[in-house]
Amino acid sequence: MDEQNLPESKRQRLAVSKNEAKDTHKISSGGVLALPANVLSNCFSFLGPSGHYYFLASVCKDFKVAVDELYQGNYNTSIESIITSMSTIRHVFEVIESDVESNVVKERIYDMMKEAVYKYDRPDLLEVIGVDKYTLSMDNFFAIENTLDAIEAATVYNSTEIMRSIITHEEGVIDNCLDCMKKIPDWYDFNGILSKSSAACDAHMISQLVEKGVEFDGISIVYSLTRRDIETFKCLLDIVQIEQDVMRLPIILNALQHEMHLDAMKCLKGKKYFEKKENLLLAIWIICSKDFDLHFACLDPILKLLLEDRLDKSVDFFLQVLCCCIVHERMDILSYIHENCRCIDTGISRFLTHFAEKRNMNIPSVTNLRRTLSNLP
């Protein structure tokens, strides 16, 4: 609406506002953000007392005026803030090249920024850190190593978007990797590197890699459990046949250590993984052991999932589970089994006490066992 058509009262208030604005120091443009510098500085202060100088100051002249007022010459900038924008990271590279004399220091800063790009999953910044082409060529070994380094770094940091950019790259990077594997199989374990990339892949990306000929295995399942979700894990359970005994421990352990451990264990049970008594006993042993970093808000759901309807069929297996509890001094699990799975009668109690004594368990442990058994309802 034209200012002349406004009511008199509104025109007066508008005039007052304009006069007040003239008396206040404004940021330079006055166009995009018509805010006083002190107001903009106050907004920036909510980001913290420092660590964002180059991220903010390199945006535009207006931001620089406000951030100079806020930080008062403190140019400290965190790595996380540096990689927030393309302009910031390029500006910092320029500053490093011109102001930092030590090559060792330069390399350390570059490595930190490279690490942050993968950690925060920024495929748009790969070019800035030197990963500008995922082109594999038989006569360009540097390019091959560059690509494999990118895949391995994406695996370490679960960089899904970076890995997606590699899989969908127009140069057909994965296809070239597999071609190279066929031509020079002893030079690089291409498939081994790609199988571990499950740590950086969602379920759809796993399907894409399978279509390209990538072979996944038990190690792939373990790496998939480093992701926060378990969709990739579930996808791989449909693809991979877990036949290697050596993979039983890492798969069960990583499933139990996952923040979605109950869902992960349900997936394994759904695939009949615990139909084998040795796998079930291994899971119980891991849960009982104090050597592993397991944090359950409540242990009962896991025990119920694993032991329900499994201890009534075989006395030998029942005793194995109970002895596992005694070896690790898990009287809480022993009590749970008695109350929820299968009754520990007097004969079994005597056997367990004898077992503990034969293992030369210390007196307090045996006393605790006897107390636990005597108090069983």
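The values are calculated or read from the model by the stated rules, or taken from the named source; none is laboratory data. Nothing here was measured: the structure is a model prediction, and the numbers come from that model. For neighbour counting, all protein chains shown are included, and Cβ atoms are generated from backbone atoms with ideal geometry for every residue, glycine included. With ligands, DNA and RNA removed, areas are computed over all heavy atoms of the protein, side chains included. Shrake-Rupley method; radii C 1.70, N 1.55, O 1.52, S 1.80 Å.
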Residue list for the range 71-111, given a label point 7 angstrom along the Cα-to-Cβ vector of CYS43 and an amide N cut-off under 18 Å
71, 85
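Applying 1/(1 + (r/R0)^6) with R0 = 30 Å to the Cβ-Cβ distance of GLN244 and TYR120, what FRET efficiency is obtained, to the nearest 0.05?
On the way: r = 35 Å, r/R0 = 1.15.
FRET efficiency, GLN244 to TYR120: 0.30.
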The range 202-359 - Rg (one decimal) and Dmax (whole number), Cα, Å
17.5, 61
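Trypsin sites (Lys or Arg not before Pro) within the range 159-234: which are DSSP loop residues with at most 10 other Cβ atoms inside 10 Å? Mind showing how you got there, number by number?
Details: sites: ARG164, LYS182, LYS183, LYS196, LYS212, ARG227, ARG228, LYS234; in loops: ARG227, ARG228.
Those satisfying the criteria are ARG228.
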Length gained if LYS182 through THR346 is fully extended, taking 0.36 nm per residue and subtracting the Cα-Cα distance, is 52.6 nm
About its Cα centre, how strong a charge dipole does the range 242-302 have in debye, to the nearest 20, once Lys and Arg get +1 and Asp and Glu get -1 at the Cβ?
220 debye
With the calculation restricted to Cα positions, what are the radius of gyration and Dmax of the range 161-240 in angstrom?
12.1, 36
Global form of the range 258-335, assessed from the alpha-carbon gyration tensor, a/c cut-off 1.5:
oblate
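State, as an integer percentage, the relative contact order of the range 149-268 based on alpha-carbon contacts under 8 Å between residues 6 or more apart.
Working: 138 pairs, mean separation 26.4, N = 120.
Value for the range 149-268: 22 percent.
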R0 = 22 Å: FRET efficiency of GLU231 with HIS295, Cβ-based, nearest 0.05?
0.45
Under Karplus coefficients 6.51, -1.76 and 1.60, residue-wise ³J(HN,Hα) of the range 272-278 in Hz, glycine/proline x
6, 5, 9, 5, 6, 4, 5
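Exactly which GluC sites (Glu not before Pro) in the range 225-282 are in a DSSP loop and have at most 16 other Cβ atoms within 10 Å? Numbers along the way, then the final one.
Working: sites: GLU231, GLU243, GLU259, GLU275, GLU278; in loops: GLU243, GLU259.
Passing sites in the range 225-282 are GLU243, GLU259.
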Expected field for GLU329, accessible surface area in Å² at 1.4 Å probe radius, rounded to 10, holds 80 Å²
Could you list, in their original order, any pairs among LYS183/LYS271; LYS183/LYS234; LYS119/LYS196 whose Cα atoms are separated by more than 25 Å?
LYS183/LYS271; LYS183/LYS234
Tally up the carbon and sulfur contribution to the accessible surface of the range 219-280 as a whole percent, 1.4 Å probe, everything protein left in place.
48 percent
